[in-house]
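Engineer: Below is one structure. I have some questions about it.
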Amino acid sequence: MGVRRRSRELAMQVLFYIDMGRNDSKEMLELYCDNFTISKKILPFFLKLVNGVVHTRSEIDSIIERFSSNWKISRMSCVDRNIMRIAVYELLFCHDIPSKVSINEAIDIGKKFGTEESGAFINGVLDSISIAIKGKDIVIKEEVPSNETD
């Protein structure tokens with residue numbers, strides 16, 4: 001498994017943990033990292049994704065809701081919404097990653113950790129968001145620093 005794939009999977013897991021605990025404090029991330037070994041190769045991208053999603057979550061959530069055909073973020077599966085949060089963060093702020101890669105990774109992770117319908121649902125929402133970003137229908141002001149460790 002590649003470094004970025006493993007980073008995405010671990011980021012989804014910690015975001016799920018944060019989401020279920022309804023607490024996005026640094027302590028939740030630290031507690032997760034204290035209890036699960038994360039290799040030094042994976043850590044930078046993992047932290048970028050987790051911190052980036054946490055800092056931009058309200059904006060990301062409103063984008064996901066806008067393109068999810070009458071689904072409120074709170075009604076989505078916790079796995080699906082956190083996979084999409086990561087992918088939308090990548091689409092918006094990780095310009096070195098092709099959008100197709102971010103979408104395909106999200107679909108694959110959704111199939112692995114989600115339900116039978118997760119892959120198709122994630123694909124539909126993310127594809128619409130990607131098209132809107134390319135068409136400049138979604139404009140983001142600036143990236144929030146996301147690789148901070150303290």
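Engineer: Among helices (runs of 4 or more DSSP H) lying entirely in region 18-99, which contain 2 or more residues that are under 12 Å from the mean Cα position of the chain (by Cα) and among the polar types (S, T, N, Q)?
Structural biologist: In region 18-99, the matching helices (runs of 4 or more DSSP H) lie at 43-66.
Engineer: Would it be correct to say that residue 137 is under 14 Å from the mean Cα position of the chain (by Cα) and of a type in the set (Asp, Glu)?
Structural biologist: Judged against the criteria, residue 137 is not a match.
Engineer: Only one of (1) touching a Ser or Thr at 6+ places or on another chain (Cβ under 9 Å); (2) surrounded by fewer than 20 Cβ atoms within 10 Å (Cβ to Cβ); (3) touching a residue at least 24 places away in the same chain (Cβ under 8 Å) is not met by residue 138, so which one is it?
Structural biologist: (1)
Engineer: Further question: Out of region 1-48, which residues are of a type in the set (Gly, Ala, Ser) and either modelled with pLDDT under 80 or closer than 21 Å to residue 114 by Cα (or both)?
Structural biologist: 2, 7, 11, 21, 25
Engineer: Checking residue 71 against (1) in contact with a helix residue (DSSP H, G or I) (Cβ under 6 Å, 6 or more places away or on another chain); (2) surrounded by 15 or more Cβ atoms within 10 Å (Cβ to Cβ): exactly one of these is not met. Which one?
Structural biologist: So the condition that residue 71 fails would be (1).
Engineer: So, in region 108-122, exactly how many residues are more than 16 Å from residue 2 (Cα to Cα) and either in contact (Cβ under 8 Å) with a residue 40 or more places away in the chain or assigned to a helix (DSSP H, G or I) (or both)?
Structural biologist: Selection size over region 108-122: 8.
Engineer: Name the residue that is nearest to residue 27 (Cα to Cα), counting only residues in region 42-68 that are buried (at least 20 other Cβ atoms within 10 Å of the Cβ) and of a type in the set (S, T, N, Q).
Structural biologist: 51
Engineer: Working only within region 104-123, note down all residues that are loosely packed, with under 14 Cβ neighbours inside 10 Å and small (Gly, Ala, Ser).
Structural biologist: 120
Engineer: Please state which one of 85, 75, 66 is at pLDDT 95 or above and charged (D, E, K, R).
Structural biologist: On inspection, the qualifying residue turns out to be 85.
The values are calculated or read from the model by the stated rules, or taken from the named source; none is laboratory data. Note that the structure is predicted; figures quoted are calculated from it, not measured. No Cβ is skipped: glycine too gets one built from the backbone with ideal geometry, and neighbour counts run over all protein chains shown.
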